[in-house]
Amino acid sequence: MADGPSVTVDNGVVKFFFATGKADLASGADKALADVVAGVQAGKKAMISGFVDSSGNAAQNDELAKQRAFAVRDQLKALGVAEDKIELKKPENVDAGAGGQARRVEVSLV
């Protein structure tokens with residue numbers, strides 16, 4: 001997997017992957033979030049969950065996870081989602097063996 005940002009949609013969950021040390025969203029974010037925006041307009045909430053791997057400095061990882069979650073939140077707001085319809089979940093640690101897959105933010109409807 002290249003070490004650049006990417007976005008996928010898997011069973012209705014939008015997964016943003018990030019380059020090492022970065023919080024930049026991949027191109028295609030708006031398209032990937034379209035179903036989430038529609039779901040919020042239909043009365044649901046968007047849940048943003050951040051994930052970090054256990055390698056490196058834990059405090060820096062947590063801060064980076066927060067910046068990545070905020071980047072996704074800001075994108076949702078730019079697409080017209082009200083802030084009170086967005087929930088941020090505390091970042092979760094995942095095994096460093098997951099590689100770049102650990103550096104992600106997932107958005108789902110609740």
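Every read-out reported here was derived from the displayed coordinates using simple, explicitly stated rules and does not represent laboratory data. Given the structure is predicted, the values throughout are model-derived calculations rather than measurements. A quick note on method: Cβ atoms are made from the backbone with ideal geometry, for glycine too, and the neighbour counts reach across all protein chains shown.
Where the only charges are on Cβ atoms (+1 Lys, Arg; -1 Asp, Glu), what is the dipole of the stretch 6-109 about its Cα centre, to the nearest 20 debye?
My answer is approximately 140 debye.
Grab the other residues whose beta carbon is less than 14 angstrom from that of residue 107, score K and R as +1, D and E as -1, and report the net.
Surrounding charge for residue 107 is +4.
Would you count, across the stretch 6-109, every pair of lysines whose alpha carbons are under 12 angstrom apart, provided the pair is eight or more residues apart or spans two chains?
Close lysine pairs under the 12 Å cut-off: 6.
What is the sum of charges, Lys and Arg at +1 and Asp and Glu at -1, for the other residues whose Cβ falls under 14 Å from the Cβ of residue 42?
Summing Lys and Arg as +1 and Asp and Glu as -1 gives +2.
Quick one: net charge around residue 65, please, counting Lys, Arg +1 and Asp, Glu -1 for every other residue with C-beta under 13 Å from its C-beta.
With Lys, Arg at +1 and Asp, Glu at -1, the net is +3.
Choose one of 42, 70, 54: the residue whose Cα lies farthest towards the positive end of the charge dipole of the stretch 31-110 (beta-carbon charges +1 Lys, Arg; -1 Asp, Glu; about the Cα centre).
It is 42, whose Cα lies furthest towards the positive end.
Just to verify a number: FRET efficiency for residue 11 and residue 58, C-beta to C-beta distance, R0 = 35 Å, to 0.05?
0.70
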